[in-house]
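Input: a single structure, listed below in structure tokens.
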Amino acid sequence: MTPPARDSTAVLRDLGAALRAAAPAGAARLRYRAVVVGDVRRDQLTAEPGTGEELPVPAAVRRAAEELKRAMWTPERGTWLQTEMVLDLASGRLVPIFNAEAAPPGPPLPPGAVAAELRAYPRPPGAVPGWMGEPTG
């Protein structure tokens, strides 16, 4: 895998700015959730307080999430499969949580997505969670 062009701090800064730009009037916080495993992509953006309806996820947020996944990859652990981020609009503080081990919530992932994930972001056998199956070369 080629090294990322930027470090995760710079990417998180851009991701926070892209989220801020998507904030509707009156929002205090934005909550962004993303599952990115192989070719499976599930994004969700909501404002708090809000109606509970999902907001459109801007392309800049999606691109930054993909770049962040690449930037956080390590040969010892792989990278995250799911993230949840909360942006406090008053302070500008972005709090990210990353899941690199547990099966992401939602519908089961197709086996091809897991295989593609392990090809794109290899992990040593000891770092492959059991639910992902055995790594294939």
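The values are calculated or read from the model by the stated rules, or taken from the named source; none is laboratory data. Note that the structure is predicted; figures quoted are calculated from it, not measured. Note: ideal-geometry Cβ built from the backbone for every residue, glycine included; neighbour counts use all protein chains shown.
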Residue check: is residue 87 within 25 Å of residue 12 (Cβ to Cβ), in contact with a strand residue (DSSP E or B) (Cβ under 8 Å, 6 or more places away or on another chain) and modelled with pLDDT of 95 or more? yes
Selected residue (criterion: farthest from residue 41 (Cα to Cα)) from residues of segment 65-78 that are touching a strand residue (DSSP E or B) at 6+ places or on another chain (Cβ under 9 Å) and buried (at least 16 other Cβ atoms within 10 Å of the Cβ): 72
Being β-branched (Val, Ile, Thr) and within 13 Å of the chain's Cα centre (by Cα) is the filter here; which residues of segment 72-98 pass it? 79, 83, 86, 95, 97
Picking from 94, 81, 45, the residue that is in contact (Cβ under 8 Å) with a residue 60 or more places away in the chain and either under 20 Å from residue 12 (Cα atoms) or crowded, with 19+ Cβ neighbours inside 10 Å (or both) would be 94
